[in-house]
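Structure record follows, encoded as structure tokens.
The values are calculated or read from the model by the stated rules, or taken from the named source; none is laboratory data. These figures come from a predicted structure and were not determined experimentally. A quick note on method: Cβ atoms are made from the backbone with ideal geometry, for glycine too, and the neighbour counts reach across all protein chains shown. Just so you know, the surface numbers come from the protein's heavy atoms only, side chains and all, with ligands and any DNA or RNA stripped out. Shrake-Rupley method; radii C 1.70, N 1.55, O 1.52, S 1.80 Å.
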Amino acid sequence: MTEPAITPELVKKHNLTEEEYAKLLEILGREPSYTELGIFSVMWSEHCSYKNTRPLLKTFPTKSEKILVGAGEENAGIIDVGDGIAIAFKIESHNHPSAVEPFQGAATGVGGIVRDIFTMGARPVCAVNSLRFGELSNPDVRHLFSGVVSGIAHYGNCFGIPTVAGEVYFDKCYEGNPLVNAFCLGVLRHEQIARGAAKGIGNPVFYVGPATGRDGLAGAAFASQDLTDESAEQQRGAVQVGDPFMEKLVCEACLELLATDAVAGIQDMGAAGLTCSTCETAARAGTGIEIELNKVPQRGPNMTSYEIMLSESQERMLIIVKAGREDEVKRIFDKWDLPWAQVGVVTDTGRMVVRHDGKIVADIPAKKLADEAPIYYRESKEPAYLEAVRSFNLNEIPDTTDAAGNLKTLLSTHSIASKNWVYRQYDHMVRDGTIVCPGSDAAVIRIKQDSLPVLSEELKAKVTEFTGEKYIAMTVDCNGTYVYLDPYEGGKLTVAEAARNLACSGAVPLGSTDNLNFGNPHNPELFYQLKESVRGLAEACRAFNAPVTGGNVSLYNQNPNGPIDPTPTVAMVGIIEKEEHITTQWFKDEGDVVILLGDIVDKNDPLLGLGGSAYLQKVHGKKTGTPPRCDLEKEKTLHTTLLGLIHTGLVKSAHDCSEGGLAVAVAESSISQNVARETPRLLGAQLDISEIKDVRLDALLFGETQSRIVITTKADDAVKVIERTKILGVPAVKLGTVGGSELKIKTATEELTWSLAELHDGWWNSIARAMQA
């Protein structure tokens, strides 16, 4: 095949600017080949290079005494959890592919993040996801939603990894541009950490896994441009096709191989495929790498060097083997019936050299390609819409006259309603490590000795066998509406809610991983959203000692109808000291006392917590108003106080107040426990807040004032709990008692009563009914 001439039009088609092409010419000292142009295009895309966001990412806190592998060092961050055990975790997006091919886009998103974890030498033990869609009244949205959930379920269930937690939001801004963020966590011993570096001059380079095809061609570049009907159709081939059964074999074979100590470096072929894995491993080690494409297993006939280098076919790995240990690699991969090929060698040139059909088709300095992409400091300008947001006041809306109906409406709102339609499609119990399943504030898993990768014979003699258990909690959070209405405060609120969810489970934060989902960075108003939200995220991560261990940036999330709401998703992981400290959100026993930790309403907030609230959006149809403020010191004191109460055995349940406010939090505590797959355990409460007379009823019930947690305790312990919290500087008030088949709330103006069976029906079945429309 004759390669096309390198023209300005071809360069532009590869999303390289004139300035970037000039830098490319400076690096090479000549005109690039067609393959080299493609290589620079994907490696200098936003998806791979973070050229628009790298300065912002450097503002995140990334250090702590527990971090073993930090942000940006490798494929995933690793944190020490004690006794020589560590966890590796990361979140990544697969947004554009899921918009085009929802099933495969979501499935391969799971596959990609799982590979990032076992590439680090860790055994993947659980998955989490964060999803955003348009409104389910739209049949196109229902198609995307169904396809994405099916794809996640298919890959996770077939691979054999439990999907233990997640979140799903529905908002018109995500119509045509869904967000699919996938998280995975794995476990390993400190001594088993693997590195993605091409070390050892003369070491052979192995390709392992299925053959390379034309699927996923230049997927990284596709993810770095606006999504339009035309681009979606043109780039349908940029969506990869996954095989979870193949990935399972690759995972087991790689972990077995890593136990032999025959591996000098290992890297998965994710975004940018063979291109990224070769140049990144060489750049990390300060070496060079040379590969022969004729030796690469190929699925399609007459594949060009451009196609082979840019393909993102799934379940493939690049392994640098210690010279003389090649037979061990071959033996293990033959045992697992997996294709392998010795395709290259580590060199001392510092260059990535690619040969095909006897010719050199690419010869590029590896470090300049991988680490020296152009960096941009984009213009930032406060969005014009924020003026109207800040001017909104409560005089524009009347107080509620139907609080009973409002609660039913909010509980059946798809973003608040039970996500059982989603998580019942996932296997969340496989591997027998799940303690708290989907449906509480945070998932909790158990790490045991058999959760860990197999030890090499050499390590068995050196390492003390782990015989105990570790309890790891995780959550994923982001209220995109808050971030849209105030990017800085919204960023803080995202982290605060994640940390609050962990506290409600009994966990102390260890670290965070973030997925920054935003629009086009060339738009100064959209870049302002990104810049300010990162400022808020970074400040809050410092406050909660939850350093960022890595993550992903997904820009250009917009279509001809406009950009998505800024959505900086945060997955946070924490540790629970003892099994008896594990706490869930649902009420436990009749006669228990319900206590609110925190201010029932923030009277310093002119909007009383109603700005950006679910109530304002669903009852009044308004997406406006300054969202609630987040005092990070106050929030942290709340968490440490709650954890102290949990550790002394005084707390029976804990649930944070978030979307929908106090009334929704109490209702969820009454209806969210399932004692069997289809059998809810409904346990009501009688609450009395009639002494509060100078606050609007809608703000009292549905305002989203921050730093609030609903707990229950034994009746005999209630006074002790309230006194202790007040001594520690946390407001606390007795709301009422648990019991009965109804939820009753007495206010200063009326007594409200709801049937729990009716509330549960609307909350539990809302999404399923919408999907049957």
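Annotations
- Residue ranges of helices (runs of 4 or more DSSP H) in the stretch 1-63 with at least 2 members over 30 Å from residue 546 (Cα atoms): 8-13, 18-28, 34-43
- Residue in the stretch 652-695 that is surrounded by the most Cβ atoms within 10 Å (Cβ to Cβ), counting only those that are polar (S, T, N, Q) and in a loop (DSSP other than H, G, I, E, B): 672
- For residue 618, the stated conditions do not hold, so it cannot be described as of a type outside the set (Ser, Thr, Tyr), part of a loop (DSSP other than H, G, I, E, B) and open to solvent by 10 Å² or more (accessible area, probe 1.4 Å).
- Checked against the criterion of being out of contact with any Leu (no Cβ under 8 Å at 6 or more places or on another chain), open to solvent by less than 20 Å² (accessible area, probe 1.4 Å), more than 30 Å from residue 564 (Cα to Cα) and modelled with pLDDT under 95, the stretch 227-238 contains not a single residue that satisfies it.
- Applying a threshold of 9 Å to beta carbon distances and a minimum spacing of six or more residues, or different chains, the list of pairs starting in the stretch 497-518 at a residue that is in contact (Cβ under 8 Å) with a residue 24 or more places away in the chain and ending at one that is open to solvent by 10 Å² or more (accessible area, probe 1.4 Å) and of a type in the set (Lys, Arg) reads 499/636; 506/578; 510/66; 511/66; 513/90.
- Checking residue 379 against (1) loosely packed, with under 14 Cβ neighbours inside 10 Å; (2) within 30 Å of residue 309 (Cα to Cα), the condition it does not meet: (2)
- The residues of the stretch 134-174 that are of a type in the set (Phe, Trp, Tyr), crowded, with 24+ Cβ neighbours inside 10 Å and touching a helix residue (DSSP H, G or I) at 6+ places or on another chain (Cβ under 6 Å) amount to a single one, 155.
- Residue that is surrounded by the fewest Cβ atoms within 10 Å (Cβ to Cβ), among those in the stretch 286-311 that are of a type outside the set (S, T, N, Q) and assigned to a strand (DSSP E or B): 292
- Residues in the stretch 477-523 that are of a type in the set (Ser, Thr, Tyr) and touching a helix residue (DSSP H, G or I) at 6+ places or on another chain (Cβ under 6 Å) were compared, and the one that is most open to solvent (accessible area, probe 1.4 Å) is 488.
- For first residues located in the stretch 253-277 and under 15 Å from residue 340 (Cβ atoms), partners that are among the β-branched types (Val, Ile, Thr) and open to solvent by 10 Å² or more (accessible area, probe 1.4 Å) and lie 6+ apart or on another chain with Cβ distances below 8 Å form the pairs 256/454; 257/263.
- Some residue of the stretch 583-603 being buried (at least 20 other Cβ atoms within 10 Å of the Cβ), of a type in the set (Asp, Glu) and in a loop (DSSP other than H, G, I, E, B): yes
- Residue match in the stretch 682-699 (condition: under 29 Å from the mean Cα position of the chain (by Cα), closer than 20 Å to residue 584 by Cβ and not hydrophobic (A, V, I, L, M, F, W, C)): no
- For the stretch 75-178, the helices (runs of 4 or more DSSP H) that sit wholly inside it and include 3 or more residues that are aromatic (Phe, Trp, Tyr) are 139-159.
Rundown of residues vs (1) more than 30 Å from residue 212 (Cα to Cα); (2) touching a Cys at 6+ places or on another chain (Cβ under 8 Å), yes/no style:
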{"residue": "313", "(1), (2)": "no, no"}
{"residue": "320", "(1), (2)": "no, no"}
{"residue": "374", "(1), (2)": "no, no"}
{"residue": "411", "(1), (2)": "yes, no"}
{"residue": "429", "(1), (2)": "yes, yes"}
